[in-house]
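S.K.: I am attaching a structure below and will ask some questions about it afterwards.
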Amino acid sequence: MLDFEKARNRKVNINVKGKAPLYWTGGIIFLFLCIMLRPFTIINAGERGVVMKFGRVQDTVLDEGIHPIVPGITTVKTLSVRVQKNTFNTHAASRDMQKVTTELAINWHVDPQKVNKIFQQVGDEQRIVDSIITPAVSEVLKAATARKTAEEIITKRTDLKDEIDRNLAERLSDYGLIIDDVSLVDFSFSPEFARAIEAKQIAEQEAKQAEFIARKATQEAQAEINRAKGKAEAQRLLRETLTPELLQKQAIEKWDGQFPHVMTGEGTLPFINLKTSAESN
């Protein structure tokens, strides 16, 4: 009985050892098939997946993470939904027919919920820029610039930027694109107009300087007039205050008891001869 059990256990061990290479081989083959066929897809951060079955775009949009797919039937195309920046140089004409070259920077991103429709109608990011954003920027900028003179483009830059931002966002929203910000980086005009603008600015500065000098001179003249009026008023008040009685009183207060003297041939005599006056009395 014991010999039988030993023989059976030895047979089981032999069978297990014989099948072990098969398990390893099967596992390697399965792993190889998974790598080659890839029954899953990975959507990275800042991306969304467009699902296609036999090349037809589906309504499903894959979020970030790992997702199972059916190899050979389902394919996935990823699109970035991060904010992207593109710079455009556009030529236009102002209302007064001045040539304006504008450098415009746009921050935009794809609506994450509409990546499948965008890919189906337009394509990838480069196609979006070339086919949708570039012509939209050119048209919106030309329309906004044509409503302002060259001088208004310079002095009302914020208004122009807001108008472009609003119209561009409205135009691109139909394609599932979102405008985050629009920046008017720079304007440039023809050399002749640039010199005219510079000359005008210099003339305005000189006019402001002349106006300041004239205003300062007027203020100084008025100050002189006010000082003269003040002196005249002070003298008038002094004359009204110094009555004959007050002058006589001040003279008496300052008299030292001596009468004035005059020079004669007999020497210095008092201006008033009190003795003669007394004898005559």
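S.K.: Could you list, in sequence order, all residues of region 44-63 that are polar (S, T, N, Q) and in a loop (DSSP other than H, G, I, E, B)?
M.R.: Asn44
S.K.: Same structure again: Could you tell me which residue of region 44-60 is farthest from Val122 (Cα to Cα), considering only residues that are in contact (Cβ under 8 Å) with a residue 40 or more places away in the chain and either touching a Gly at 6+ places or on another chain (Cβ under 7 Å) or of a type in the set (S, T, N, Q) (or both)?
M.R.: The residue in question is Thr60.
S.K.: Confirm whether Ser173 is touching a residue at least 60 places away in the same chain (Cβ under 8 Å), of a type in the set (Gly, Ala, Ser) and surrounded by fewer than 16 Cβ atoms within 10 Å (Cβ to Cβ).
M.R.: Taking the combined requirement at face value, the residue does not satisfy it.
For (1) at negative phi; (2) over 30 Å from the mean Cα position of the chain (by Cα); (3) modelled with pLDDT under 90, each residue gets a yes or a no:
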residue: Arg56; (1), (2), (3): yes, yes, no
residue: Ile73; (1), (2), (3): yes, yes, yes
residue: Val76; (1), (2), (3): yes, yes, no
residue: Gln84; (1), (2), (3): yes, no, no
residue: Val100; (1), (2), (3): yes, no, yes
residue: Glu103; (1), (2), (3): yes, no, no
residue: Gln120; (1), (2), (3): yes, yes, no
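S.K.: Related question: Report yes if some residue within region 68-88 is under 27 Å from Phe187 (Cβ atoms), touching a residue at least 12 places away in the same chain (Cβ under 8 Å), out of contact with any Cys (no Cβ under 8 Å at 6 or more places or on another chain) and crowded, with 18+ Cβ neighbours inside 10 Å; otherwise report no.
M.R.: no
The values are calculated or read from the model by the stated rules, or taken from the named source; none is laboratory data. Since we're looking at a predicted model, the values are computed, not measured. Reconstructed Cβ throughout: ideal geometry from the backbone, glycine too, with neighbour counts over all protein chains shown.
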